[in-house]
Amino acid sequence: MGCCVSLAPPEVSSPTMAADVPESLAPATLVERYGERIFRLARRLAGNDTDAEDVTQATLLKLLQRASEFRGESDPFGWIYRITLNEAREIHRRRARRPAVSLDALPLAVQEDGHFAHAFRPFPSTPDRGPLAQEVEVRVREAIEELPDGYREAVVLVDLEGLSYPEASKLLDLHLNAFKTRLHRARLHLRNRLESFWNEQEGRRPQGDRP
Amino acid sequence: MTLSCRDVGDRLMLFRDGTLSPKETEWLRQHLHLCPNCISLLDSYDEVVRVLERLKPVDLPPGALDRIRQRLEEDGPSSCC
């Protein structure tokens, strides 16, 4: 277990994350109070239930071990988020996962004259429910999982957890502009994956149905 | 000043958020006026953000919280500092 992760308070505070520290820090109280929220965040970061359970357990254990520090914390959810992020990274390192995609550059091919090398088309609107909506959801979750840790964290914190850019950038110890670049490239990667999905869908349809 | 498609690709998020400078916003709008390809890119980018915002939280597996509590009770209070 990561004994040396940074646990400096992230100084993140917003209505999204504000909460009081409970009187009792018994395991049952912690699980009841924070378990579900940590699990959902961990599940989005780790990508599967087993790892999410391990991350949740490790996060709460760290909270027990550092109870006095936690009691003095004015922003308990910020503190918890940071530990959850660290534990999720730790479990990613331990698992022999396939290498993440590289997003060091803008994930859009550009020609020498500055024009894109690719003709984009608007996507169809994704339906709210039904088999197609489920397929889109699966594809997007897969695309999120293949992002490098820091990029996945940016998408999870802002687009799924609803944190503001300043909140998320503080949690990830990034300057705001660096954080925005990371989030933007991650979204573009997801866009590219969703484009492949819609192209496959169009390939499956009978020719007469194509626009 | 004109922006290239590459410049637009770099600035899409800030443009959507309304945090691009007024001057750059105007340049980007001028580019979009002339470039249907970048309009399509912007539309598809918007759709991705919409899909992400609607992504449902996963259900907790049955018994997950009980298992976590049990492991904490076994590993936590007595063995920790």
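The values are calculated or read from the model by the stated rules, or taken from the named source; none is laboratory data. Because the structure is a prediction, the values reported are computed rather than measured. Virtual Cβ from ideal backbone geometry, glycine too; neighbours counted across all protein chains shown.
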Counting just the residues of the range B:15-33 that are aliphatic (A, V, I, L, M) and in contact with a Lys or Arg (Cβ under 7 Å, 6 or more places away or on another chain), which one comes out farthest from A:A117 (Cα to Cα)?
B:L20
Kindly list the number of the only condition in (1) facing chain A (nearest Cβ under 8 Å); (2) under 24 Å from A:Q134 (Cα atoms) that fails for B:P62.
(1)
Test: A:E146 is of a type in the set (D, E) and modelled with pLDDT of 95 or more
no
If we take chain B, then helices (runs of 4 or more DSSP H) inside it with 3 or more residues that are of a type outside the set (D, E, K, R) and under 28 Å from A:L60 (Cβ atoms) are B:64-75
Is the range A:126-143 home to any residue that is buried (at least 17 other Cβ atoms within 10 Å of the Cβ) and free of Cβ contacts under 8 Å to residues at least 24 places away in the same chain?
yes
Restricting the search to the range B:33-59, which residues are of a type in the set (D, E), under 14 Å from the mean Cα position of the chain (by Cα) and either on the phi > 0 side of the Ramachandran plot or more than 8 Å from every other protein chain (Cβ to nearest Cβ) (or both)?
B:D46
A:K170, sole failed condition from (1) in a helix (DSSP H, G or I); (2) within 21 Å of B:R50 (Cα to Cα)
(2)
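Here's the yes/no breakdown for (1) over 25 Å from A:R182 (Cα atoms); (2) in a loop (DSSP other than H, G, I, E, B); (3) more than 9 Å from every other protein chain (Cβ to nearest Cβ):
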| site | (1), (2), (3) |
| --- | --- |
| A:E112 | no, yes, yes |
| A:F123 | no, yes, no |
| A:P127 | yes, yes, yes |
| A:V136 | no, no, no |
Working carefully through the options A:S164, A:S102, find the one that is surrounded by fewer than 18 Cβ atoms within 10 Å (Cβ to Cβ) and either touching a helix residue (DSSP H, G or I) at 6+ places or on another chain (Cβ under 6 Å) or within 12 Å of chain B (Cβ to nearest Cβ) (or both).
A:S164
